[in-house]
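Below you'll find the structure, written out as structure tokens, and then a few comments.
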Amino acid sequence: MAAAFQPFELERIMSDWEQVVEYNLSESGAHPVKVRELIEHDPDILDRMLDTELGYGYANGSPELREAIAQYYPGATAENVLVTIGCIEANFITFQTLLEGGGEVAVEVPCYLQSWGLAHNLGAVRRTFNLDPDRGWALNTDSLEAAVSDKTKLISICNPNNPSGQILTESEMDAVVRVAERSGAYLLADEIYAGSEREREDVSPTFYGRYDRVIAAGSMSKSFAMPGLRIGWLVGSRDLIRKLWMRHEYLALSTAKLSNHFLAPLALRPDVRKAIFERTRGYIRRGWDNYQTWIGENADILSLVPPQATAISFVRYNLKTDSATLANRLIQEKSVLIGPGDYFGVPNHLRISYGLPPDYLNEGLRRISSLLRQIAEEEAAGSENERGAAAG
Ligand SMILES: Cc1ncc(COP(=O)(O)O)c(C=O)c1O
């Protein structure tokens, strides 16, 4: 009998609540770009868009868009690129293609658990390897070696990492490639957060080109701050890209024409990409100052390895209440949404976004700490009562 369907818990809570709460601190991209802000980089584009017929467009992505993507991957051409509906489809069809008929997959934890649920729903055998919270979320290479064998078909990694915001070092990347090469497994590198670096100016390097079975996934949703375009992509060998395209035909046919032919190619133009990444980093860096102050003020409950990239942080809390209960109380009592750590594979953590306008961020954080303090008091009173009952 097939195993029960596993829902995608993080996206479930977000779909239910992100448009409802007063303060949404669950979003992992920087504050979204307005259409007006984007098209200011090409004043004639609007006219061209208005004269466009709303036909299907290119199923695998317009040549212009695939070339614009390929320029950022060493040695890639438009033939190595497939354009998808967001990185969510990119990951989905990669899993579906490479795990057809089951097999083993090695999944990084913590991560965006699309990989975890998807592997289960495809009937694959799941192994995990870890980033270590006690070593600043460094890659635990022993756990990687243990999770990967010659049975492994796919290794799934996210760099920069969602939710910890850490960027793999060059030697960690080498270790991942070494382990993948030894087993012959494909390596799916979800690099959707490259470009959102908080501490450094260079864009995090890609795995693409380091091993012939790398498939790199990206998107307009996070560092580009344009999730509404619903454009993502995969970059891999021509052979694999053709196989993935055949799954894309079943699932999506093509992406939306105005994004595919106009808006995404414009956002990827080198000067525009640079300006957008600066905007994203501006939100992240300004938000970080406020956020760091808030963490300091609540250091009796919270601790954090500072994220090196992304608009999110993965903060540890020292209360007994589990993270899903805490997140639900935040929704019900404070109208704030965050991501519970359990939905990324790590208990006693919360994923909180900080790449937001200051007034919005500060009020959201104020509400979170007020509930944390209330829960700390409740838990202390509960322990007091238990002690009283035991003594009586
Ligand atoms: C690591 C990761 N991959 C993929 C996605 C899906 O993004 P998209 O909007 O491009 O479909 C997300 C969204 O949060 C993500 O965090």
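The values are calculated or read from the model by the stated rules, or taken from the named source; none is laboratory data. Every value quoted in this text rests on a predicted model; they were computed, and no experiment measured them. Heads up, the Cβs are rebuilt from the backbone with ideal geometry, glycines too, and the neighbour counts pull from every protein chain shown. All accessible areas refer to the heavy atoms of the entire protein, side chains included, with ligands and DNA or RNA removed. Shrake-Rupley method; radii C 1.70, N 1.55, O 1.52, S 1.80 Å.
List of remarks:
- Residue that is farthest from Leu258 (Cα to Cα), among those in the range 72-92 that are within 11 Å of the ligand (Cβ to nearest atom) and polar (S, T, N, Q): Asn91
- Scanning the range 367-378 for residues that are within 17 Å of Trp288 (Cβ to Cβ) and either without any contact (Cβ under 8 Å) to a residue 24 or more places away in the chain or outside any helix (DSSP H, G or I) (or both) turns up nothing.
- Looking across Ala216, Ala185, one residue alone is more than 10 Å from the ligand (Cβ to nearest atom) and either among the charged types (D, E, K, R) or within 14 Å of the chain's Cα centre (by Cα) (or both). It is Ala216.
- For the range 140-147, the count of residues that are touching an Asp or Glu at 6+ places or on another chain (Cβ under 6 Å) and either open to solvent by less than 20 Å² (accessible area, probe 1.4 Å) or of a type outside the set (S, T, N, Q) (or both) is zero.
- Residue in the range 334-341 that is open to solvent by 60 Å² or more (accessible area, probe 1.4 Å), at negative phi and not assigned by TED's automatic domain parsing to the domain that holds Ser223 present: no
So that you can scan it fast, the table gives a plain yes or no per residue for (1) open to solvent by less than 20 Å² (accessible area, probe 1.4 Å); (2) closer than 30 Å to Asn328 by Cβ; (3) in a strand (DSSP E or B):
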{"residue": "Glu11", "(1), (2), (3)": "no, yes, no"}
{"residue": "Val20", "(1), (2), (3)": "no, yes, no"}
{"residue": "Pro32", "(1), (2), (3)": "no, yes, no"}
{"residue": "Met49", "(1), (2), (3)": "no, no, no"}
{"residue": "Tyr56", "(1), (2), (3)": "no, no, no"}
{"residue": "Glu64", "(1), (2), (3)": "no, no, no"}
{"residue": "Ala68", "(1), (2), (3)": "yes, no, no"}
{"residue": "Ile88", "(1), (2), (3)": "no, yes, no"}
{"residue": "Gly101", "(1), (2), (3)": "no, no, no"}
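- Residue ID - farthest from Pro63 (Cα to Cα), chosen from residues in the range 266-275 that are open to solvent by 10 Å² or more (accessible area, probe 1.4 Å) and within 22 Å of the chain's Cα centre (by Cα): Ala275
- In the condition set (1) under 30 Å from Ala175 (Cα atoms); (2) aromatic (Phe, Trp, Tyr); (3) open to solvent by 10 Å² or more (accessible area, probe 1.4 Å), Phe207 is compliant with all but (3).
- In the range 219-240, the qualifying residues are those that are away from the ligand (no atom under 12 Å from the Cβ) and either free of Cβ contacts under 8 Å to residues at least 60 places away in the same chain or in contact with a helix residue (DSSP H, G or I) (Cβ under 6 Å, 6 or more places away or on another chain) (or both), and the one that is nearest to Gly86 (Cα to Cα) is Val235.
- Hits in the range 171-216 - residues which are within 12 Å of Asn159 (Cα to Cα) and acidic (Asp, Glu): Glu172, Asp190, Glu191, Glu197
- Qualifying residue in the range 198-212 (condition: without any contact (Cβ under 8 Å) to a residue 40 or more places away in the chain and outside any loop (DSSP other than H, G, I, E, B)): no
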